[in-house]
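A short reminder: the numbers here are calculations on the coordinates, not readings from a lab. Since the model is a prediction, treat every value here as computed from it, not as a measurement. As a convention, Cβ positions derive from the backbone with ideal geometry for all residues, glycine included, and neighbour counts pool all protein chains shown.
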Amino acid sequence: MTQKTTEQTISVQQAIESRHSIRKFVQQPIDRQDLQKIFELVRLSPSAWNLQPWRFHVVTDVNLKEKLEEAAYGQKQVTSAPAVIVVTSDMEDVLANLRDTVHPGLSEEQKEKEVANLSAFFNGMSVEERGQWGLTQTNIAFGFLMTAVQGYGYASNPMLGFDQDKVKELLKLPEHVKFAGILPIGKPDGEGYPHHRFDFNKIVTFH
Ligand SMILES: Cc1cc2nc3c(=O)[nH]c(=O)nc-3n(C[C@H](O)[C@H](O)[C@H](O)COP(=O)(O)O)c2cc1C
């Protein structure tokens, strides 16, 4: 099998180590092709049953960013960033299109069985419960997104400090949608804070 090579600017280790929350950005638009490449990577994030509930809204419109900033309690990084990625999770869309998530290699019979199993599983949950379930998957993609953004030479600041109802209204999102967060991105103007993390031994136990 031929190995597909992916253009890579820095290593995964460098991307993770160099990522700090950046709240001030250089005033220059983000290359559309870079955004394309970033999302091609994020698309590869894993999810249970491969359901891929993540959806990304890229906001570059100045007026809309101003309104988003207001919804984010005036946090200035929102308008400082040339683009703000709003990361949502939409399990109702997943459920309405379950056939799209089933692997194309399966037989028709297997596909139907899988769709029926998934429908039964999620229909046994409330919209809220399966919304929360979807969010656990979308958070994985949010992590991949931050790393991919860093890998392509941009900086970011993950944010959950915003009024979710207001952001739903601004982006005309349905009520059931959940947020993994919003991510202002751009070339960094300045440095973030040094990493401050728990010791290895506090968070890792070998059994
Ligand atoms: C889910 C999430 C939500 C966050 N919300 C905000 C936010 O609303 N505003 C903000 O300035 N930083 C926010 N942060 C950034 C954290 O404060 C930051 O990631 C943490 O202090 C570690 O710093 P570092 O990102 O520079 O490594 C958030 C981070 C995460 C992961």
Label points 7 Å out from Cα along the Cβ direction at Ala120 and Arg43: separation in nm?
-> 3.3 nm
Set of the stretch 41-75 residues, backbone N closer than 16 Å to the point 7 Å along the Cα-Cβ line of Glu169 = 64-74
Scalar couplings 3J(HN,Hα) for the stretch 192-207 by Karplus 6.51 cos²θ - 1.76 cosθ + 1.60 (θ = phi - 60°), nearest whole Hz, x for Gly and Pro, are x, 7, x, 4, 10, 9, 4, 5, 3, 5, 6, 9, 10, 10, 9, 10
Mind giving me the nanometre distance, one decimal, between the label points for Phe198 and Glu129, set 7 Å out from Cα along Cα→Cβ?
-> 2.9 nm
Short version: ³J(HN,Hα) in whole Hz for each residue of the stretch 78-86, in order, from phi by Karplus 6.51 cos²θ - 1.76 cosθ + 1.60 (θ = phi - 60°), x for Gly and Pro, what are they?
-> 5, 7, 5, 6, x, 9, 10, 9, 9
Part-to-part distance (alpha-carbon centres) for the stretch 37-51 and the stretch 92-166, which is given in Å | 9 Å
Would you kindly state the longest site-free stretch of the chain, with sites defined as chymotrypsin sites (Phe, Trp or Tyr not before Pro) in a DSSP loop (not H, G, I, E, B) surrounded by at most 15 other Cβ atoms within 10 Å?
-> 74-197
Amide hydrogen neighbours beyond the local backbone of Ile85, cut-off 5 Å, H modeled | Val59, Leu183, Ile185
Cα long-axis angle, helix 127-151 against the chain (0 to 90 degrees, to the nearest 10) | 50 degrees
Could you give the nm distance between label points at Asp93 and Glu108, where each point is 7 Å from its Cα heading toward the beta carbon?
-> 3.0 nm
Counting other Cβ atoms within 10 Å, which trypsin sites (Lys or Arg not before Pro) in the stretch 110-207 have at most 10 and lie in a DSSP loop?
-> Lys172, Arg197
Asserting the computed 222 nm helical MRE of the chain (DSSP H runs at least 4 long, -39500 (n - 2.57) per run, divided by residue count, to nearest 500) equals -13000 deg cm²/dmol
Would you mind checking the tilt of helix 62-71 against the longest principal axis of the Cα atoms of the chain, expressed as 0 to 90 degrees and rounded to 10?
-> 80 degrees
Which of the aspartates and glutamates could a cross-linker bridge to Lys65, judged by Cα under 15 Å and excluding same-chain residues fewer than eight apart?
-> Asp163, Glu169
About its Cα centre, the chain carries a charge dipole, from +1 on Lys and Arg Cβ atoms and -1 on Asp and Glu Cβ atoms, whose size in debye to the nearest 20 is 480 debye
Whole-Hz ³J(HN,Hα) from phi, Karplus 6.51 cos²θ - 1.76 cosθ + 1.60, for the stretch 40-49, glycine and proline x = 5, 6, 4, 3, 8, 4, x, 8, 4, 6
What's the exposure ranking of Thr60, Thr138, going from fewest to most Cβ atoms within 10 Å?
-> Thr60, Thr138
